Amino acid sequence: LWVVLAAAANVVRLKPDICHFHDLEFVLAVPWLRLLGRTRFVYDVHEVYPESMLISPRLPAALRPAVARAVDLAEKFCARFCAYVVTADEPNSASFARTGVPTATVFNYPRLALFQVAPERVAELRRAYPGRRILVYQGTMAANRGLFHMLDGMRLLKETEPEALLLLVGLKDGELRAQAEEQIRRDGLDDHVAILPWVPHEDVAAYVALADVGLAPLQPNPKFNKNIPLKVFEYMACGVPVLAADLPAIAHFIADSGAGVLYDSTDAAAFAREAQRLLRDPAGRAAMARAGRAAVASRWNWNEMEKRLLQVYAELEAVGSQ
């Protein structure tokens, strides 16, 4: 609350022509700020906030639908006082249609310069995993992002692919890691799962690039049915084929590009089956890797999205000059 109040006070003090903001909490202040000045506001919506309430572990399950509805009503009402809404997903853009505010979808695609991986660095990292076939997951982890589903899948996969190794990059939460390590011990996965709680930011792409397959096993729920996981495009940018949940927000990107395989992310046997098929098909993986890299290089990158964002500002400038 104090951060929002301080930011609002700065808007009143500085009187900017445009205030581009990212936080749900701040949109609640916009109607009042519009009464106090002529600043125009651009609401940059990174998340589907009502749907996030439906899966929030901080809320009692019985209260989640009511909280989600309240958040939806409040967010859309306050957004009406904005000059523009920018979202990262088309379904989220559609949800703002009833506000009547101009809306643009600026996908959170990767910046290509961050994924120019030095082959010698990848080779150096590979030496730590001799003879292994690596499946990588990098980024935020949780049960609803498929952490324990991947472990269930590895329990099955190791029986047919003993050289398979699941590399979990970024499992920092202590309680979650303890739960994962307990399952790893229980299922005899010590030689088939490696946890890296932290790696230097500049090394993330290299850890992805050393993998044979990149994983995006999000579990079906209202949030992930709309939000696109950035990691899918990061895998593509690194030239790694993708094994991804068959969810609406992801599916058409994989189908359009040919960059990977979709599967039922509620089924550990499906995970093991599709992972095995990919690991046994080097030619297929190479074709998927090329297709994904080409799609990101030509379409799904920040250089292209930057043009969209600049167009938003061109429209704001045109309206402001009238």
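Is it the case that the stretch 11-25 has a residue that's open to solvent by less than 10 Å² (accessible area, probe 1.4 Å) and out of contact with any Lys or Arg (no Cβ under 6 Å at 6 or more places or on another chain)? No, the conditions are met nowhere in the stretch 11-25.
Scoring residue 268 on the criteria (1) without any contact (Cβ under 8 Å) to a residue 40 or more places away in the chain; (2) over 18 Å from residue 225 (Cα atoms); (3) among the aliphatic types (A, V, I, L, M) leaves a single failure, condition (1).
Only one entry in 231, 223 is under 15 Å from the mean Cα position of the chain (by Cα), part of a loop (DSSP other than H, G, I, E, B) and crowded, with 16+ Cβ neighbours inside 10 Å, namely 223. So, residue 285, is that one of a type outside the set (Phe, Trp, Tyr) and either in contact with a Gly (Cβ under 8 Å, 6 or more places away or on another chain) or not in a helix (DSSP H, G or I) (or both) or not? Here the answer is no, as residue 285 does not meet what is asked. Every listed requirement among (1) open to solvent by less than 50 Å² (accessible area, probe 1.4 Å); (2) touching a residue at least 40 places away in the same chain (Cβ under 8 Å); (3) of a type outside the set (Asp, Glu) is met by residue 121 save one, (1). Annotation note: Cβ proximity below 7 Å between a residue of the stretch 106-118 that is within 17 Å of residue 299 (Cβ to Cβ) and part of a helix (DSSP H, G or I) and a residue that is among the polar types (S, T, N, Q) and modelled with pLDDT of 90 or more (sequence gap 6+ or interchain) occurs for 112/301; 112/303. Go through the stretch 103-117 and report how many residues are out of contact with any helix residue (DSSP H, G or I) (no Cβ under 6 Å at 6 or more places or on another chain) and either open to solvent by less than 40 Å² (accessible area, probe 1.4 Å) or closer than 19 Å to residue 312 by Cα (or both). Qualifying residue count for the region: 1.
For the stretch 299-322, enumerate the residues that are among the polar types (S, T, N, Q), more than 19 Å from the chain's Cα centre (by Cα) and modelled with pLDDT of 95 or more.
Correct list: 311 only.
Considering the stretch 144-162, the residues that are charged (D, E, K, R) and farther than 19 Å from residue 208 by Cβ include one that is most open to solvent (accessible area, probe 1.4 Å), namely 159.
Could you check, for the stretch 26-40, whether at least one of its residues is assigned to a helix (DSSP H, G or I) and more than 20 Å from residue 12 (Cβ to Cβ)?
Here is the first cut: in the stretch 26-40, the ones assigned to a helix (DSSP H, G or I) are 26-27, 30-36.
Narrowing further to those that are more than 20 Å from residue 12 (Cβ to Cβ): none.
No, there is no match, as no residue in the stretch 26-40 is assigned to a helix (DSSP H, G or I) and more than 20 Å from residue 12 (Cβ to Cβ).
Restricting attention to the stretch 1-14, the residues that are at pLDDT below 95 and either in contact with a Cys (Cβ under 7 Å, 6 or more places away or on another chain) or not in a helix (DSSP H, G or I) (or both) add up to 1. Report yes if residue 129 is touching a residue at least 12 places away in the same chain (Cβ under 8 Å), of a type in the set (Ser, Thr, Tyr) and part of a loop (DSSP other than H, G, I, E, B), otherwise no. Yes. Taking each residue of the stretch 181-206 that is free of Cβ contacts under 8 Å to residues at least 24 places away in the same chain and looking for partners that are surrounded by 14 or more Cβ atoms within 10 Å (Cβ to Cβ) with beta-carbon atoms closer than 7 Å, six or more apart or interchain, yields 190/184. Scanning the stretch 269-282 for residues that are open to solvent by 20 Å² or more (accessible area, probe 1.4 Å) and either of a type in the set (Phe, Trp, Tyr) or assigned to a helix (DSSP H, G or I) (or both) returns 269, 273, 274, 276, 277, 282.
Does residue 236 satisfy the condition of being surrounded by 16 or more Cβ atoms within 10 Å (Cβ to Cβ) and under 19 Å from the mean Cα position of the chain (by Cα)? So that I can check it myself, show each step before the final result.
On the way: surrounded by 16 or more Cβ atoms within 10 Å (Cβ to Cβ): yes; under 19 Å from the mean Cα position of the chain (by Cα): yes.
Yes.
Would you be able to say whether some residue in the stretch 76-91 is surrounded by 16 or more Cβ atoms within 10 Å (Cβ to Cβ), charged (D, E, K, R) and at pLDDT 95 or above? Walk me through how you get there before you give the answer.
The first filter runs over the stretch 76-91 and keeps only residues surrounded by 16 or more Cβ atoms within 10 Å (Cβ to Cβ), leaving 76, 78-79, 81-89, 91.
Within this subset, residues satisfying the condition of being charged (D, E, K, R) are 76, 89.
Right, trim to at pLDDT 95 or above and you get 76.
Yes, the conditions are met somewhere in the stretch 76-91.
Looking at 189, 171, which one is assigned to a loop (DSSP other than H, G, I, E, B), closer than 24 Å to residue 55 by Cβ and open to solvent by less than 20 Å² (accessible area, probe 1.4 Å)? The conditions single out 171.
If you go through the stretch 239-256 and keep only what is touching a helix residue (DSSP H, G or I) at 6+ places or on another chain (Cβ under 8 Å), within 18 Å of residue 288 (Cα to Cα) and either among the basic types (Lys, Arg) or open to solvent by 20 Å² or more (accessible area, probe 1.4 Å) (or both), you end up with 239, 256.
The values are calculated or read from the model by the stated rules, or taken from the named source; none is laboratory data. Quantities reported herein were computed from a predicted structural model and do not represent experimental measurements. Note that each Cβ is placed from the backbone with ideal geometry, even for glycine, and that neighbours are counted across all protein chains shown. Side chains included, ligands, DNA and RNA excluded: accessible areas come from the protein's heavy atoms. Shrake-Rupley method; radii C 1.70, N 1.55, O 1.52, S 1.80 Å.
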